[in-house]
């Protein structure tokens with residue numbers, strides 16, 4: 001999904017003088033074509049994240065559409081105050097492309113994971129946050145970000161994600177129903193989609209009817225559309241490769257407290273702990289009960305509780 | 001603007017700084033007074049504002065001296081007296097630190113140190129990329145140059161030959177809790193910045209002619225750092241070079257005494 005996102009932006013940049021890409025010495029190979037064909041549209045800012053974020057703001061203030069690229073901790077955490085004060089507080093339409101959502105980079109270690117980024121992004125009220133689940137959503141996210149007049153943070157995994165959508169996504173700003181179902185709804189964002197799809201298949205085998213909803217735009221959340229979509233389901237489950245107390249799950253708790261719908265809410269995500277365990281991404285998902293088999297088991301248990 | 005006029009401009013800035021500090025009960029009077037001559041020189045003699053869309057940019061990176069900028073903008077007629085009257089007032093527009101969206105002429109939101117400098121580099125790069133002749137000036141505090149972001153930018157700017165960017169250091173030799181050399185010295189300051197690839201000049205930061213000559217001087221394809229030696233609290237004798245005037249507030253009596261000196 002990363003390449004689809006970046007390539008969509010680069011293609012849009014042809015014939016557009018204002019678009020410029022900044023990389024924090026990351027993305028080996030991703031920008032080779034751009035550097036060859038339009039060297040003036042790419043700057044490697046070096047390993048200096050604070051300067052990159054402040055610089056991006058300044059460039060945007062001269063009328064440039066800036067794409068800031070890095071792995072998420074170096075895009076959002078290291079330079080949080082620059083993102084907050086220089087980009088968001090000043091209301092600048094910078095595109096922040098973050099790579100390595102959740103535990104994509106396992107077993108690189110905690111420094112390289114991004115399991116709290118949505119909580120951090122939530123502290124910046126004008127920041128649009130998109131977490132695409134596949135390459136199709138990544139393309140739509142790029143198109144949205146290009147035309148946005150506010151800062152946009154796009155949370156990307158890396159490559160090889162399962163295709164969830166079979167046709168183009170026209171409106172990335174609203175929850176997207178993947179399939180209808182009546183017993184429960186599984187809500188997800190990002191690359192955990194593959195586990196959710198597999199879990200839904202297991203549940204269907206057991207005669208449980210599952211509604212699947214991708215929620216690419218996590219912030220601002222189109223709450224009305226979501227509540228409408230959920231309709232009469234009894235159980236709503238959020239699944240995310242993120243801390244469950246500061247991501248989509250907690251946003252749904254907010255929605256539930258406001259809308260007072262008929263459904264129960266359960267959250268599946270990463271528990272409140274730093275990750276010291278050494279596993280690859282699949283292994284960590286199993287450790288945290290986020291693999292398809294355990295997800296299906298949990299959902300059955302929650303349905304049986306009723 | 002002639003030397004006399006610049007001196008008068010600086011005096012008006014200083015009087016307004018004291019007034020604003022008195023009215024708001026806010027701190028940082030010494031920090032604002034130390035850069036009054038730099039702002040008077042920039043706004044009086046250096047910055048180009050016509051046409052406004054293609055103006056030079058001044059960024060007050062040491063935004064705790066915001067009263068000096070508000071005063072300069074007011075004297076220059078860029079912000080209205082009504083806006084200035086709302087400084088730090090409930091329902092007013094101008095906060096103690098800078099909000100770009102609050103008023104014309106506030107080119108960059110700032111308040112946390114080590115931000116405006118880097119935003120300014122981005123603007124300088126952007127102007128060059130667009131083929132614009134607009135220049136960027138950023139005023140940093142001496143203590144501010146202890147920020148890591150400053151040195152990230154110091155490394156970066158010469159790489160791209162940002163000779164349309166000029167940093168001016170308000171070297172008043174007093175930061176929040178003491179003298180820089182006693183806390184985290186950045187000396188030898190000239191050799192450091194030169195070694196990073198900057199064109200460096202040292203100047204008396206209260207000498208308008210010297211300041212104007214240094215700032216208007218030629219650039220050699222490099223970003224510039226002008227180290228302006230200043231005195232914290234300059235212009236009010238009992239505030240000069242006194243650490244407490246980073247924080248103390250201006251009472252009725254202090255205001256009276258200060259205004260007599262600035263008459």
What's the ranking of B:235-241, B:182-188 by average number of surrounding C-beta atoms within 10 Å, highest first?
B:235-241, B:182-188
If we sort B:89-99, B:124-134 on the protection proxy, mean other Cβ atoms within 10 Å, highest first, what's the order?
B:124-134, B:89-99
Quick one: what does P(r) look like for segment B:19-141 with 5 Å bins over all Cα pairs, in whole %?
2, 11, 22, 25, 21, 11, 5, 2, 0
Please work out the Kirkwood hydrodynamic radius for segment B:141-223, using every pair of different C-alpha atoms, and report it in angstroms with one decimal place.
13.7 Å
Quotient of Cα radius of gyration and Kirkwood radius for segment A:180-233, i.e. Rg/Rh, equals 0.99
How long are the semi-axes of the ellipsoid equivalent to the protein assembly as shown, from square roots of 5 times the Cα gyration tensor eigenvalues, in whole Å, largest first?
51, 25, 20
Could you tell me the largest-minus-smallest coordinate of the C-alpha atoms of chain B on each of the three principal axes, in descending order and whole angstroms?
51, 44, 35
Three-way shape call for chain A based on the alpha-carbon gyration tensor, with the a/c threshold at 1.5:
prolate
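If each DSSP helix of 4+ residues adds -39,500 (n - 2.57) and the sum is divided by the residues in chain B, what number results at 222 nm, nearest 500 deg cm²/dmol? Provide the component values of the computation, followed by the final result.
Values: 11 runs with 107 residues, N = 263.
Rounded to the nearest 500, the figure is -12000 deg cm²/dmol.
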Dividing the alpha-carbon Rg of segment B:209-263 by 2.2 N^0.38 Å yields what?
1.64
Evaluate peptide A:143-151: per residue, the Cβ atoms of other protein chains within 10 Å of its Cβ; return the mean as an integer.
0
Please report the antiparallel percentage of DSSP beta bridges with both residues in segment B:3-261, rounded to the nearest 5.
10 percent
hull vol. (C-alpha, convex hull) per residue for segment B:105-261, Å³ -> 130 Å³
Between helix A:292-304 and chain A: long-axis angle, C-alpha atoms, 0 to 90°, nearest 10
50 degrees
Which percent of Cα-Cα pairs in segment A:176-304 sits in each 10 Å bin, short to long?
13, 48, 33, 7, 0
Volume of the Cα convex hull of segment A:88-165, divided per residue and given in Å³:
89 Å³
Alpha-carbon gyration tensor eigenvalues x 5, square-rooted, for segment A:247-306, Å
26, 16, 7
Just counting partner chain Cβ atoms within 10 Å, what average do the residues of peptide A:42-48 show around their Cβ?
3
Could the peptides A:132-141, B:219-228, A:162-171 be put in order, highest first, of the mean number of other beta-carbon atoms found within 10 Å of their residues?
A:132-141, B:219-228, A:162-171
Contour excess over end-to-end distance, with Cα ends at residue A:37 and residue A:147 and 0.36 nm allotted per residue:
37.3 nm
For residues of A:59-68, the mean tally of beta carbons on other chains within 10 Å
5
Compute a Gaussian network model of chain A, connecting alpha carbons closer than 10 Å, and tell me which residue from A:253, A:290, A:187 fluctuates the most.
A:253
How large is the convex hull of the C-alpha atoms of segment A:2-156 per residue, in Å³?
99 Å³
Of all DSSP beta bridges in the protein assembly as shown, antiparallel share, percent nearest 5
10 percent
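Each reported figure results from applying straightforward, stated rules to the coordinates on display, with no laboratory input. Given the structure is predicted, the values throughout are model-derived calculations rather than measurements. FYI the Cβ positions are ideal-geometry reconstructions off the backbone, even for glycines, and counts take in every protein chain you see.
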